[in-house]
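The values are calculated or read from the model by the stated rules, or taken from the named source; none is laboratory data. This one's a predicted model, so the numbers in the text were calculated from it and none came from an experiment. Don't worry about glycine lacking a Cβ; one is built from the backbone with ideal geometry, like all the others, and counts go over all protein chains shown.
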Amino acid sequence: MKIIKPEDFPIEMSSENIDILASMALEDVISEEWREITFNILTDEQNTLINNRISEIQREDSKQRWSSLSPKEQAEEKQKIEESMKDQSTFIGNMGEPETLEEFKRRRGYDPRGSKYDK
């Protein structure tokens with residue numbers, strides 16, 4: 001895979017370079033080069049271009065995955081989605097996070113309000 005290094009900047013934001021940067025962002029393990037580029041070199045507009053390309057790539061991958069499923073698998077997938085959309089009564093976000101101040105102190109060992117409350 002081709003990469004762009006921080007020392008290669010400034011570069012023209014051509015579609016080829018945007019594709020390279022998007023593929024760098026989509027790697028399973030984010031490289032130090034990508035961190036340096038995205039946090040310290042790219043402007044907000046350039047990051048937006050790359051993020052839009054990432055979204056396009058993910059949509060294409062999703063469509064390709066969907067078309068590779070058999071009709072039976074597609075029906076099962078649709079059913080799972082519909083069931084999860086119907087049951088919106090329970091919020092299961094923030095799983096594993098402490099719900100109370102006492103639980104937070106017990107798990108983390110300190111008071112989030114500051115050291116003067118630690119006892």
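Here are some notes:
- Residues satisfying the stated conditions in the stretch 1-11, i.e. among the acidic types (Asp, Glu) and either surrounded by 10 or more Cβ atoms within 10 Å (Cβ to Cβ) or not in a helix (DSSP H, G or I) (or both): 8
Residue by residue, here is whether (1) among the charged types (D, E, K, R); (2) within 30 Å of residue 4 (Cα to Cα) holds:
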| site | (1), (2) |
| --- | --- |
| 39 | no, yes |
| 47 | no, yes |
| 57 | no, yes |
| 60 | yes, yes |
| 74 | no, no |
| 83 | yes, no |
| 86 | yes, no |
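- Of the residues making up the stretch 12-23, those that are surrounded by 14 or more Cβ atoms within 10 Å (Cβ to Cβ) and over 14 Å from residue 58 (Cα atoms) are 13, 17, 18, 20, 21.
- Count - residues of the stretch 24-34 that are among the aliphatic types (A, V, I, L, M) and exposed (fewer than 15 other Cβ atoms within 10 Å of the Cβ): 3
- Extreme residue, surrounded by the most Cβ atoms within 10 Å (Cβ to Cβ), among residues of the stretch 35-49 that are without any contact (Cβ under 8 Å) to a residue 12 or more places away in the chain and more than 13 Å from residue 18 (Cβ to Cβ): 35
- Checked against the criteria, residue 79 does not count as assigned to a helix (DSSP H, G or I), of a type outside the set (D, E, K, R), within 20 Å of residue 1 (Cβ to Cβ) and at pLDDT 90 or above.
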